[in-house]
Each structure stands twice: as C-alpha cells, then as structure tokens.
1. Whose amide H sits under 5 Å from the amide H of ILE107, counting only residues 5 or more places off or on another chain, with H placed in the peptide plane?
2. What's the extension gain from ARG147 to GLN114 if we count 0.36 nm per residue and subtract their Cα-Cα distance?
3. Per DSSP H run of n ≥ 4, the term is -39500 (n - 2.57); total these for the chain, divide by its residue number, and report the mean residue ellipticity at 222 nm rounded to 500 deg cm²/dmol.
4. Based on Cβ point charges of +1 for Lys and Arg and -1 for Asp and Glu, what charge dipole magnitude is obtained for the chain about its Cα centre, in debye rounded to the nearest 20?
5. Stretch ALA339-LEU15 to full length: gain in nm at 0.36 nm per residue minus the Cα-Cα span?
6. Of all the accessible heavy-atom surface of the chain, with the other protein chains kept in place and a 1.4 Å probe, what percent is carbon and sulfur?
7. Once amide H atoms are built 1.01 Å from N in the peptide plane, which residues 5 or more positions from LEU299, or in another chain, come under 5 Å H to H?
8. About its Cα centre, how strong a charge dipole does segment 130-287 have in debye, to the nearest 20, once Lys and Arg get +1 and Asp and Glu get -1 at the Cβ?
Amino acid sequence: MEIYLVGGAVRDKRLGLPVGERDWVVVGATPQDLLSQGFRPVGKDFPVFLHPATKEEYALARTERKTGPGYTGFATCHDPTITLEQDLRRRDLTINAMAETPAGELIDPYGGAQDLDKGVLRHVSPAFSEDPVRILRVARFAARFARWGFRVAHETNALMRQMIDSGEVDHLVPERVWVEFARALGEQTPQRFFDVLHACGALVRLFPEVAPLYPPARPAHHGQDNGAFFALPAAVALSADPSIRCAALVCDIDRATGASFDTQRLAAMCARLRAPTAYRELSALALRQRGRVHAAGTLPAPDLLDLLDALDAFRRPERFEDLLRVCRADARLPDEADAYPPAALLRAARGVAAAVEVADLVADGADGEVIARRLRERRILAIQEMGADTTQDPASGAAL
C-alpha cells in the first residue's frame, strides 16, 4: 500500500500558497485494508475514508468510465491494480494532476509543474469532455489565478467549445452551477470566471443575464478581460462576502441592459440557480433602491426616513451595511475618492432616528396609529436637526 498527497495541496504548495485541505490517494489497497487500520468510510460513489487521527480524506486510486450524459453518468473502478498515473489521468487540469510522495518527491506524469510555471490551465486528457462541471471549474481556477496571468490553453478552450456544441453542458443541474458560481464570487478576480465562460460559449447557456456585459463585436480571447464589469471588481475591494459581490454583479447587469433587468428577471435568475435567500434579498434590494441611495444627499428628511424604512435599516442593520457596500461599489466615483457620501449621510440619519425614545411616546396611552405617527414626526425632526459630520461614520469614524 502506497499513499500520496494529491491535487490542490500539491499545486498550492508549489505556488507558495497556504495549503488548506489535504487529500490523499491510496494505491495498492482495498477498502478492508483501510477499515482494518481504523479509517472511517464516507464515500458513496467510490471508497473515500477519513483518517482516524487527522480526519483528512484518503481515497482509493480509481478510474472512471463514461456511462451516460452529465456529471453523474460515470462508473468508477477501484482495485489494488490501479496505478497512481491512472488515477491522476482522470483529473481535470494538469496543475491538479500532480502528486507527492511522503518524502516530498514530486510525481508529475502530465506536465502540471511546467503548466504552473507558464500560467496555463490545460486539460489532462480527452476524458475532460465527459464531465460538464469541468467547464465551470476551469473558469473558477482562472478567477483564482488571474493575478498570476493564468490563461486557458488553446486546445482546452477548443475542447470546452465542443462540449457546448454537443449539448453536454445542458446536463448541468442548478445546484452544481450555483456551487461553482458562489465559489467563483469568492475568488480575487471573479469577473474572469465569466470571461472564460464567454470565451468558450457557455455564458449565454448558463448565465444569459450576464451575457449583455460582453459587446458582441468584441472577440473572445480565452477569458482575457472582455467583460464590461464595474461594480463587481469594486465590491471585491470592499468585501469578501459573496452575497455582496453577487448584488454588485446584479448592478452591472442592470447597467449593461439599460436598466431593463427588473426584479422579475432577477427572481427568475435566482430561482433557476437555486440562490440562497440572503443572496436574493440583498440583490433585489440593491436593484430596487441603489438609485435612491446614490441620490440620498438630495433627499429631504421625510424621504430619507422613507428610504431607511425601505432598506429595513432599523430592524436589519447588518444587511443595511451590506447594501451600503454594494452601492459604494456601484457608484461611479473618481479614482481619488476615499469616501461615499450617501453612506455616511444614511448612517448618520439612521443613528439619530434610532435614538428617538419610543417610551416617551407611549406614556399617555395613545393607540398604535398615533404612536407610529408621532415616532415618524420625531425621527424626521431628528434627521433635520442632525449635525453629524456626514463624511464619517458617526459610530466608528470609518469612511465608506
């Protein structure tokens, strides 16, 4: 029995990146061999085991055979005769098909180290075309490694285009598309994810709402900065939260479609992708209210209070802050701008309005309708009279 470190841990180690999860391949063993050593089985489709001490995943070396369409149409084979090279051959990209011995010796039968040095995302074998999820994974790795100038190999881009033309991508289920999409939003250059999908022809099939960000007259170059993104990259600089970045992307879509991307189309997109509630709500709020947020400095006190209520700023302050970050990303500010005045103004207005004491309004036994009217009147008066410095956050002094 031989054990090798494989996949992303080997890749990231060679790139000088922190190594997170470590995956292992076991060659020359049976499930019973691992069970007898205390490993716990967790795999359903193929034998994967958790180490009794480290809890890291150990998988028996295996091969795969295509049996049907989509990413589920595979039959796996695992037995002690399967070699490490055979196991690595079934992987998606050469940079993910490297292994390392316990002594630290690199095993690289498909040229992954060379492709790492050249910044190339290249498929390992023609079997790449059997799994449409790999198109999304290539796009996501392009988003992750864009800072080093990684590009998709010409032959890999051509193979992905063949997969689109053959209809293989149409077998992707929404849940798998969403997983890769959400992971891509968490990368340092998420717009590259869409660049790569556009270049191979998958974007209009998987994310048709994003397609208008790509001018039809501009040729695709294997995912090299073709999209007209503005808010999304700005959001990356403001927050690592993928729901904020998703809402910023929605702002870009709305701008690219001439403000014709309404809440109904957004709801349809979110339903198709099975987007979680937090993503749906923040994106819809940004789509409906970002124009009013940008214009907050022109609004009288009653309208400012109405806007705060529309943003649910008093009941959901965390989401209110998220929305301000989305609007900050969407604002077309000059390069030298270090603050977003509407955010400071709305924070200040929320602060003084929330400070109005409700207890004073209920002392005389008035009914709910009267109390609500009085509360609104006093909050409007507080906003009118506020003397806060609206270029700073009243609570922290932090500019946004």
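1. Hits under the 5 Å cutoff: ALA99, GLU100, THR101.
2. Separation in residues times 0.36 nm, less the Cα-Cα distance, equals 10.1 nm.
3. On the way: 18 runs with 189 residues, N = 400.
For the chain, the value works out to -14000 deg cm²/dmol.
4. In debye, rounded to 20, the chain gives about 600.
5. Values: separation 324, 0.36 × 324 = 116.64 nm, distance 3.55 nm.
113.1 nm is the gain from fully extending ALA339 to LEU15.
6. Details: 9150 of 18380 Å².
The C+S portion of the solvent-accessible surface of the chain is 50 percent.
7. HN-HN under 5 Å from LEU299: empty list.
8. The calculation lands at about 240 debye.
The values are calculated or read from the model by the stated rules, or taken from the named source; none is laboratory data. These numbers were taken from a predicted model, which means no experiment stands behind them. For neighbour counting, all protein chains shown are included, and Cβ atoms are generated from backbone atoms with ideal geometry for every residue, glycine included. Quick note on the areas: whole protein, heavy atoms, side chains included, nothing else; ligands and nucleic acids left out. Shrake-Rupley method; radii C 1.70, N 1.55, O 1.52, S 1.80 Å.
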